[in-house]
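Engineer: Before I ask anything, let me first share the structure, which is written out below as structure tokens.
Just so it is clear, none of the values below were taken in a lab; they were calculated from the coordinates. Predicted model, so just to flag it, every value in this text is computed and none were measured. Note that each Cβ is placed from the backbone with ideal geometry, even for glycine, and that neighbours are counted across all protein chains shown.
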Amino acid sequence: MKKITTKLLMTVLVLFGVSSLAFAMEDGDPIKVTFQVNTSTVADTLSADGVLQIRGNVNGSEFNEMDYFGQTVNWGSGSTLLGDNVGGDYWEIEVMMAPGDVLTYKFWAGHDLDTGAGFNDGWEFNFEGEGNDYVFEVPADATEDLVVDLQYFAGTSDGRTKPFEVPEGFKAVQFRVNVGNAVSTNQFDPEDESQFIGVRGEVQEDGRTIHYKYVIETEGADPGWEGDVGPAGGNRRGFIAADSDTTLGWSFFNNAAPPEGDIVTAELTFRANVGLLEGLGFFNRAVGDEVFSPGAFNSWDTGSQPMSYDELNDVWVANYELTREVGDEVPYKYFIRWDESRFDEDSPNFIPGLRQDGDNNNGWEEPGSTGGGDRLYTFGSEAEQDVTGDFGSDIGFFNSLPEQAIITVDGVGAETLPVTFQIDMTNALSHSTPFNPEEDEVFMVIETPFFGLTQGIPVGDNQPSLDDPEARERVKFTPTGEGNMYELTLELNLPTENHIGFTIAYEDPDGARIINGGGTQPGRRYYRYIDPVDVLEDFTIWPEEFTVEPLEWVFEDLDFPAPPTYGIDDVMFSPVLFGSGENLDWGSSIRLTREEQPDTRNHFYSGVLLIPIEGTSIEDPRFGENPQQIALSQNYPNPFNPTTNITFALPENINVRLDVYNILGQRVATLADGMYNAGTHTVQFDASRLSSGVYLYRLQAGNFTTNKTMMLVK
């Protein structure tokens, strides 16, 4: 550390107009004083991204120009004595002082430097009456750095006191949660004596780590759990001090802050189609199989409220009344609960390998379109809302797979379909448990239950496929002899689905395995699709063999491209636009689409029949010179690197916004924002600064909104 002499320091002070201070220090290094602070007593949700600051003066004078050992020390926001969050409610602030210096100060807490937290506009309360500040003095004979004992922020007039009492022989772990959002959205009523807020979890075997979640408890009902709220999804995690009390830090229930926007009560309608499962023989409502729509709004209920079957439209329907802030995301999935006969080996309804027990449960969907994560619906402002589904519709196809995704014997022209996978294991060489090409074996771990069922490959926790000799041999990669590239040709038994979710494991001769992916969030596994050759009205044509784009081994954040469209696009579901494939006749009806309703008296439906003029191209009738409706095209090229073009059509002059989002829902670009004339418009998207992956682009034109996905491959 650079030595600072009294003479040099006095010279600096004179230059800044501070010449009459007495310093009890001699030549030598300054003393670093570390203040340890616990902010659990701040009456606010102060997060690790907030601010904890010491404001005050040294020896009765303020230093305003970074002039005291390189620090600014004053009673304003300009003080540079800022704390570092070291976990939860715990902070450390380092102050450079000289022996004999006296620091008169208070802690100040804020969400930023301008927005104070707590009851006192960010300031600690005085102690022993009004006007008293806190004082710290460096001993005149100090020669070493000092660490001040942990102090609790004086969030009330009680001063710096611990917020709880602990019996002798015990240590405490404090949980604190803000349920303001749940109260505002009618999920929790503080006045209802049958409800209370709880926490559930467990202390891990190491005695130092705790996994937990907050719950809304209602008498006579299942608890209302938080969703995937941990740093990487799943449970919250905290660390317990070995021999002292621990506060785990403020949390918002479900990570949702109290609302700032409009609160709306609306009826949400969920629609699910399970045609693919019916086609594969894994669902039959006639024997008692049911569909559920569990989500954060109903405590992920998979047993008490089955959806109703709408035979006319071949969808399962559920309605829920929710009160939420406009713009909130509502997480949900679809779930299959099978009749008991499905698990009875003596029943003709028996499905071998099917499970419905705890975590090893085949009933949950894991859509490849969401990377296996939850579906998310953005809550709107209307009193009645149709939850967004797949392919621009309000129908959610189980696992985002329509019937057209079934690979059939007729569609291939053979009993099996060979699919080849290649993976570059180079990155695994530098893993903490490195891959050893000389000894280790590489395997595909199938994670998609229904695909596994069609192939007779066990799927579930602890990689059961690798403990089954026959399955193990089927999913084993072999080295290609080119670098660290490995190859597997999986001979698929038909029929099956074209959607495969999987991870990669490597195993040493002793049986120790390293497996990538995991968790509950997008990126938990790879998802790949066998692309159809063509999708006809009632028939899908598949290739005789297929090679998946080469994979690259990574330990986490595994990539998942957008699924094929299977010939389904927005035209099928948005206000109906009929092309040359539709005919108007007396023998059958063309279904019209219900428009947004202006009131309860009027109910409008619409559709447009397009009749091509001889000699006129109808390759894409939406994008003629005079578009008859708002439409958004698939980007071209797709996949792309690094630029692609996006075209949209407008039937009238209208205000337009075109945004691009990543898979986390974060906006990464705005391509159009303003008034556009009627006609066809093309904009270019340059993704050179972004990483490879799936992106969503959303067109908003007036009250009309539609989305599509695209894939960047670098």
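Engineer: Would you please classify the overall shape of the stretch 322-436 from the alpha carbon gyration tensor, given that a ≥ b ≥ c denote the square roots of the eigenvalues, rounded means a/c under 1.5, and beyond that prolate means a/b larger than b/c while oblate covers the rest?
Structural biologist: Oblate is the answer for the stretch 322-436, as a/c is 1.5 or above yet b/c matches or exceeds a/b.
Engineer: What are the equivalent ellipsoid semi-axes of the chain, built from the alpha-carbon gyration tensor (square roots of five times its eigenvalues), in whole angstrom, biggest first?
Structural biologist: Details: eigenvalues 621, 209, 161 Å².
Taking √(5λ) for each Cα gyration eigenvalue gives 56, 32, 28 Å.
Engineer: Quick check for me: using +1 on Lys/Arg Cβ and -1 on Asp/Glu Cβ, what's the dipole size of the stretch 174-213 about its Cα centre, in debye to the nearest 20? Before the final figure, lay out each step's value.
Structural biologist: Values: 4 positive and 7 negative charges, 47 e Å.
Roughly 220 debye, rounded to the nearest 20.
Engineer: Put +1 on the Cβ of every Lys and Arg and -1 on every Asp and Glu Cβ in the stretch 158-251; which of Gly227, Thr246, Val177 then has its Cα farthest towards the positive end of the dipole?
Structural biologist: Checked the options; the winner is Thr246.
Engineer: Gap in Å between the Cα centre of the stretch 138-205 and the Cα centre of the stretch 466-484?
Structural biologist: So the separation of the two Cα centres works out to 52 Å.
Engineer: How large is ³J(HN,Hα), in whole Hz, for each residue of the stretch 407-414 in order, when computed from phi with the Karplus curve 6.51 cos²θ - 1.76 cosθ + 1.60 and θ = phi - 60°, using x for Gly and Pro?
Structural biologist: Coupling constants for the stretch 407-414: 8, 9, 4, 5, x, 9, x, 7 Hz.
Engineer: Counting helices only, and only those DSSP H runs with n ≥ 4, report the 222 nm mean residue ellipticity of the chain as the sum of -39,500 (n - 2.57) divided by its residues, in deg cm²/dmol to the nearest 500. Spell out each step's value before the answer.
Structural biologist: Values: 7 runs with 42 residues, N = 714.
Theoretical 222 nm ellipticity from helices: -1500 deg cm²/dmol.
Engineer: Let me ask you something else. Towards the positive end of the charge dipole of the chain, with charges on Cβ (+1 Lys, Arg; -1 Asp, Glu), say which of Gly392, Ser293, Asn362 has the farthest Cα.
Structural biologist: Farthest towards the positive end: Gly392.
Engineer: Enter the Cα centre distance for the pair the stretch 70-123 and the stretch 511-526, rounded to the nearest angstrom.
Structural biologist: Result: 42 Å between the Cα centres.
Engineer: More than 14 angstrom separation, counting every C-alpha pair in the stretch 402-449; what % is that? Don't jump to the answer; show the numbers that get you there.
Structural biologist: Working: 795 of 1128 pairs.
The calculated P(r) of the stretch 402-449 puts 70 percent of pairs beyond 14 Å.
Engineer: Sticking with this one: Could you tell me which residue out of Ile423, Gly159, Phe477 lies farthest along the dipole of the chain toward its positive end? Charges go on the beta carbon: Lys and Arg +1, Asp and Glu -1, centred on the Cα centre.
Structural biologist: So the residue we want is Gly159.
Engineer: Counting Lys and Arg as +1 and Asp and Glu as -1, what is the net charge of the other residues whose Cβ lies under 13 Å from the Cβ of Pro434? Walk me through the intermediate numbers first.
Structural biologist: Values: positive: none; negative: Glu438, Glu439, Asp440, Asp508.
It works out to a net charge of -4.
Engineer: Against the longest alpha carbon principal axis of the chain, how many degrees, from 0 to 90 and to the nearest 10, is the axis of helix 6-15 turned?
Structural biologist: That works out to roughly 70 degrees.
Engineer: If the only charges are +1 at each Lys and Arg Cβ and -1 at each Asp and Glu Cβ, what is the size of the charge dipole of the stretch 173-255 around the Cα centre, to the nearest 20 debye? Let's see the in-between values first.
Structural biologist: Numbers: 6 positive and 14 negative charges, 88 e Å.
For the stretch 173-255, the charge dipole is close to 420 debye.
Engineer: A further question on this structure: Rounded if a/c is under 1.5, else prolate if a/b is larger than b/c, else oblate: which is the stretch 410-552, with a ≥ b ≥ c the root eigenvalues of its Cα gyration tensor?
Structural biologist: Details: a/c = 1.93, a/b = 1.71, b/c = 1.12.
Prolate shape, in that a/c is at least 1.5 and a/b is the bigger ratio.
Engineer: Report the Cα centroid-to-centroid distance between the stretch 680-714 and the stretch 213-243 in angstrom, as an integer.
Structural biologist: 36
Engineer: A follow-up question, please. How large is the charge dipole for the chain, taken about the Cα centre, if only the Cβ atoms of Lys, Arg (+1) and Asp, Glu (-1) carry charge, to the nearest 20 debye?
Structural biologist: Numbers: 40 positive and 118 negative charges, 321 e Å.
Dipole about the Cα centre, nearest 20: 1540 debye.
Engineer: Using 7 Å Cα-to-Cβ label points, what is the Gln628/Thr670 separation (nm, one decimal)?
Structural biologist: So the two model labels end up 3.4 nm from each other.
Engineer: Going by how many other Cβ atoms sit within 10 Å of their own, how do Phe283, Phe170, Phe175 line up, fewest first?
Structural biologist: Phe170, Phe175, Phe283
Engineer: So between Glu438 and Leu82, what do we pick up on full extension, going 0.36 nm a residue minus the alpha carbon distance?
Structural biologist: Details: separation 356, 0.36 × 356 = 128.16 nm, distance 5.19 nm.
Length gained between Glu438 and Leu82: 123.0 nm.
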